[in-house]
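Reading through the structure tokens given below for one structure.
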Amino acid sequence: MLENTTSLEQQARYNRQIAYWLMACAAVIFGMILLGGVTRLTNSGLSMVDWKPLMGIIPPLSEADWQAMFLKYQQFPEYQKVNIGMSLEEFKPIFMYEYLHRVLGRFIGLIFILPFLFFFFTKRIKAGLTPKLIIMLIGGGFQGLLGWYMVKSGLVDNPQVSQYRLTAHLGAAVLIYAFILWTALSLISPKSDQPIELKSLAYTLSGLIFLMILSGGLVAGTHAGTRLFHLATNG
């Protein structure tokens, strides 16, 4: 009986460790979402015209590297139709926003995979949790592919990413964030005595907030807010 109690206490300690790790991942993902918004606001998303999951972590290190990156950018519609005449010094800030966004995505992958392997091989993950963690890992990889799929839609004749791909990319990020945070909180407080009515209200509000976020992605993708502002100010 004493041995069983000790084992339960040890697993509870492991659960807290895993929960704190997941909450740290969720915090970085939240920062990633915010940085994605900054990237969108600064029109930086199409400044990197290729996707190199491994080598892409190395930034331009010399003036020749910057010139090569800028030359690549000049071959695509955003430069030719929107930013024609942009200087290299003007290009550098928008490139760095997108570069940091992608590097942060790789960093999230590292801070998830390495601790996951540690917890897995030291047998600290409780029964039934491993499939959830694997789903998170697959979701993160899918999110990276979805991000590039979104960027590709803006590297064609019309230098604007698809509003549907943009919204899908944003929605997937929010779902991954929510799933990780929910799992972490359930490890710390596995039992909830809240009334069913309160739970239903919480789920309903969460669903409405998610729909509002998705609508925001569509508004941003179609520039609807800017167009409405111009209509209002121009009568």
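The values are calculated or read from the model by the stated rules, or taken from the named source; none is laboratory data. Since we're looking at a predicted model, the values are computed, not measured. Note that we place each Cβ from the backbone using ideal geometry, even for glycine, and neighbour counts take in every protein chain shown.
Test each condition in (1) surrounded by fewer than 18 Cβ atoms within 10 Å (Cβ to Cβ); (2) closer than 26 Å to V219 by Cβ for G147 and report the one that comes out false.
Of everything listed in (1) surrounded by fewer than 18 Cβ atoms within 10 Å (Cβ to Cβ); (2) closer than 26 Å to V219 by Cβ, G147 misses just condition (1).
Return yes or no: is I134 at negative phi and under 20 Å from the mean Cα position of the chain (by Cα)?
Working: at negative phi: yes; under 20 Å from the mean Cα position of the chain (by Cα): yes.
Answer is yes for this residue.
Looking at this structure, is E63 loosely packed, with under 15 Cβ neighbours inside 10 Å, acidic (D, E), under 30 Å from K126 (Cα atoms) and assigned by TED's automatic domain parsing to the domain that holds V151?
For E63, the condition - loosely packed, with under 15 Cβ neighbours inside 10 Å, acidic (D, E), under 30 Å from K126 (Cα atoms) and assigned by TED's automatic domain parsing to the domain that holds V151 - is not met.
I18 - would you say it is modelled with pLDDT of 95 or more and over 23 Å from K152 (Cα atoms)?
yes
I'd like the residue in region 163-213 that is surrounded by fewer than 17 Cβ atoms within 10 Å (Cβ to Cβ) and of a type in the set (S, T, Y) and, out of all such residues, is farthest from L129 (Cα to Cα).
It comes out as Y164.
Within the group A127, A178, which residue is outside any helix (DSSP H, G or I) and under 23 Å from Y20 (Cβ atoms)? Write out each step before concluding.
Details: A178 fails: outside any helix (DSSP H, G or I).
Unique residue meeting the criteria: A127.
Do you know which of the residues in region 66-97 that are part of a loop (DSSP other than H, G, I, E, B) and in contact (Cβ under 8 Å) with a residue 12 or more places away in the chain is surrounded by the most Cβ atoms within 10 Å (Cβ to Cβ)?
F76
State whether the residues of region 141-153 include one that is polar (S, T, N, Q), in contact with a helix residue (DSSP H, G or I) (Cβ under 6 Å, 6 or more places away or on another chain) and assigned by TED's automatic domain parsing to the domain that holds M48.
Residues of region 141-153 polar (S, T, N, Q): 143, 153.
Among the residues that remain, those that are also in contact with a helix residue (DSSP H, G or I) (Cβ under 6 Å, 6 or more places away or on another chain) are: 143, 153.
Now narrow it down to the ones that are assigned by TED's automatic domain parsing to the domain that holds M48: 143, 153.
Yes, because at least one residue in region 141-153 is polar (S, T, N, Q), in contact with a helix residue (DSSP H, G or I) (Cβ under 6 Å, 6 or more places away or on another chain) and assigned by TED's automatic domain parsing to the domain that holds M48.
I'd like the full set of residues that are touching a helix residue (DSSP H, G or I) at 6+ places or on another chain (Cβ under 8 Å), part of a helix (DSSP H, G or I) and not aliphatic (A, V, I, L, M), limited to region 16-58.
Selection gives R16, Q17, Y20, W21, C25, F30, G31, G36, T39, R40, G56.
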